[in-house]
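Participant: Got a structure for you, questions after.
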Amino acid sequence: MEDYYWNSSVDLVDKVKKKEISPVEVLQCYLDRIEKVNPQINAIVTLIEETARTQAKKAEESLFNGKPIGPLHGVPITLKDNIFTRGIKTTCGSKLYENFVPDRDAVLVERLKGAGAIILGKTNMPEFGLLPITDNLLFGSTQNPWDYKKTSGGSSGGSAAGVAAGLCPISIANDTGGSIRIPSSLCGVYGLKPSFGRVPSYPRRPGWFTLFHEGVVTRKVADAALTLEIIAGPDERDRLSLPAAEYDYLSNLYRGVKGLNAAYSHDLGYAAVDPEIKDITCKAALVFEDLGCKVEEIKPDLPDMLNALERISIINAIIANEQQLNEWKEVAYPAYQYIFEKVSNIDNKDIERDQFVREQILWDKVRRIFNKYDLLLTPASAVAAFDSGAGGPIGPTVIDNREVSEYFWTSLADLFNFTGQPAASIPCGFTKSGLPVGLQIVGKRYSDLTVLQASAALEEALQHQLI
């Protein structure tokens with residue numbers, strides 16, 4: 001039984017359909033694993049064991065009674081703690097909402113339940129998802145399964161750490177400035193940020209508008225493809241949700257990358273990147289050449305959007321909690337205290353300038369890249385996981401002998417929230433100290449399938465090297 005928690009969800013469903021293992025047995029396998037490992041990493045912060053057992057029993061009864069079963073029948077999954085779940089505490093990692101229990105499910109949760117998935121619980125995150133590490137005053141920090149002294153990244157650190165540690169095969173998360181890709185890179189798992197609007201986002205805490213992408217963290221690319229098929233598609237409750245795709249992601253996954261053109265940049269023209277990360281991601285990018293995809297290194301001159309992301313995040317956080325601002329000030333995570341002072345220094349000109357850069361400079365330059373290339377390859381994170389327990393550093397302040405801000409190590413990811421393009425982080429190697437490294441794969445607008453296909457091709461090419 002112990003081996004089942006490393007199975008992909010695709011394999012688990014196949015075994016359940018063949019009655020080689022029951023949904024109740026699958027759930028028990030993961031519950032045993034959670035009991036053993038979660039105390040060390042603190043990835044799952046709300047475990048709904050009894051509800052999950054009830055769901056598993058119903059799934060087993062349906063199976064043995066010959067009733068139709070869904071594509072995730074009996075598969076336990078977790079959800080980031082800012083995704084609305086009816087009857088399950090949803091705190092957003094904040095003491096301000098430590099007792100908040102939604103009266104309805106998010107659209108994607110409705111779809112997952114309809115597909116037969118079993119909800120295990122909620123995963124840890126920084127308060128309101130504002131940090132690239134996972135720590136808060138409500139549940140504490142989430143540690144990296146590869147080294148308990150290291151950060152799991154953020155803001156979906158609980159999801160990435162839980163999947164990496166075998167606590168679940170799938171975790172649903174979201175990404176506003178790298179929140180799926182950064183922790184996936186640091187924890188050695190696959191993280192997919194679909195095109196903006198590909199997955200409906202409703203209901204949710206207000207904020208970030210067109211930067212917010214619902215996505216998925218898995219160990220296998222096929223699991224992400226299967227999950228995206230289930231949760232993607234339009235819903236009138238989210239007016240920005242995209243029309244349905246004209247193809248299935250999973251059945252078209254293994255088409256390869258032959259004939260495609262890819263650009264590689266280690267810094268996008270502005271970032272400071274650890275030399276070891278550069279070397280590992282460059283070698284991974286060149287693997288695409290062996291797969292029939294032409295790879296060319298480019299030297300783009302793209303604008304750094306990190307300050308714009310900070311301004312947007314501060315304004316959104318203040319507005320979303322405006323009615324409880326004094327109360328929030330009393331219970332906010334210590335690193336957030338500067339927000340309450342800095343917001344008064346942000347004016348309309350700053351916001352308009354950011355929007356101008358986004359539309360007239362960033363998108364124009366990115367569009368020109370994708371006029372020539374099908375894919376853009378970069379490191380997902382400028383560094384590997386670093387020491388960061390409770391109250392630890394947000395990030396290194398020196399990278400490749402260059403002094404940087406403590407958030408700068410994340411700056412390769414946020415551009416593609418501003419452009420809305422699909423992007424993923426896929427494990428591509430390890431540092432000399434044994435920490436995982438992720439390659440970011442960015443696709444053209446709406447080309448989620450191409451990103452998945454490229455990810456699957458690289459996963460297959462590297463699988464023996466990464467064991």
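Participant: Based only on other Cβ atoms within 10 Å, what is the fewest-to-most ordering of V189, V45, V404?
Facilitator: V404, V45, V189
Participant: In addition: By average Cβ neighbour count within 10 Å, what is the ranking of 299-305, 444-450 from highest down?
Facilitator: 444-450, 299-305
Participant: Based on Cα positions only, what radius of gyration and what Dmax would you give for region 119-216, in angstroms?
Facilitator: Looking at region 119-216, its Cα Rg and Dmax stand at 12.5, 36 Å.
Participant: A further question follows. Which FRET efficiency value, to the nearest 0.05, is calculated for R255 and K283 with the Förster distance at 35 angstrom and r the Cβ-Cβ distance?
Facilitator: Efficiency computed from Cβ-Cβ geometry: 0.90.
Participant: Longer than 26 Å from Cα to Cα, which of K80/K372; K113/K329; K36/K329; K149/K278; K278/K365; K89/K329 are they? Say none if no pair is.
Facilitator: Pairs exceeding 26 Å: K80/K372; K113/K329; K36/K329.
Participant: Which residues does a label at K58 reach in region 218-233, if reach means a backbone N under 20 Å from a point 7 Å past the Cα toward the Cβ?
Facilitator: In region 218-233, the label zone of K58 (backbone N under 20 Å from the point 7 Å along Cα→Cβ) covers 230-231.
Participant: Mind pulling the per residue volume of the convex hull built on the Cα atoms of the chain? Å³ is fine.
Facilitator: Once divided by residue count, the hull of the chain is 136 Å³.
Participant: Let me ask something else about it. Nearest 500 deg cm²/dmol is fine: what mean residue ellipticity at 222 nm does the chain get from its DSSP H runs of n ≥ 4 alone, each adding -39,500 (n - 2.57), divided by its residue count?
Facilitator: Counting only the DSSP helices, I get -10500 deg cm²/dmol.
Participant: Calculate the length of the line joining the C-alpha centroid of region 238-281 to that of region 30-76, in whole Å.
Facilitator: 32
Participant: Separate question: Calculate the all-directions average of the projected area of region 250-331's alpha-carbon convex hull, and give it in nm².
Facilitator: About 9.9 nm², averaged over all directions.
Participant: Extension gain E98-K36, at 0.36 nm per residue separation less the Cα-Cα distance, in nm?
Facilitator: 19.8 nm
Participant: To continue, here is another question. In whole Å, how far is the Cα centre of region 407-467 from that of region 91-129?
Facilitator: After rounding, the separation between the Cα centres reads 26 Å.
Participant: Name the longest site-free stretch of the chain, where the excluded sites are GluC sites (Glu not before Pro) in a DSSP loop with no more than 16 other beta-carbon atoms within 10 Å.
Facilitator: Result, exposed sites excluded: 247-405.
Participant: Quick check on the exposure proxy: order F84, F340 from fewest to most C-beta atoms within 10 angstrom.
Facilitator: F340, F84
Participant: How would you rank I369, I441, I119, going from fewest to most other Cβ atoms within 10 Å of each one's own Cβ?
Facilitator: Listing I369, I441, I119 from fewest to most nearby Cβ atoms yields I369, I119, I441.
Participant: Also, I was wondering about something else. Quick one: grab the alpha carbon gyration tensor of region 1-47, order the square roots of its eigenvalues as a ≥ b ≥ c, and give me rounded if a/c is under 1.5, else prolate or oblate depending on whether a/b is larger than b/c.
Facilitator: Judged from the Cα gyration tensor, region 1-47 comes out prolate (a/c at least 1.5, a/b above b/c).
Since every read-out is calculated from the coordinates, none of them should be taken as a lab result. As the structure is a computational prediction, the values presented were derived from the model and not from experiment. Note that each Cβ is placed from the backbone with ideal geometry, even for glycine, and that neighbours are counted across all protein chains shown.
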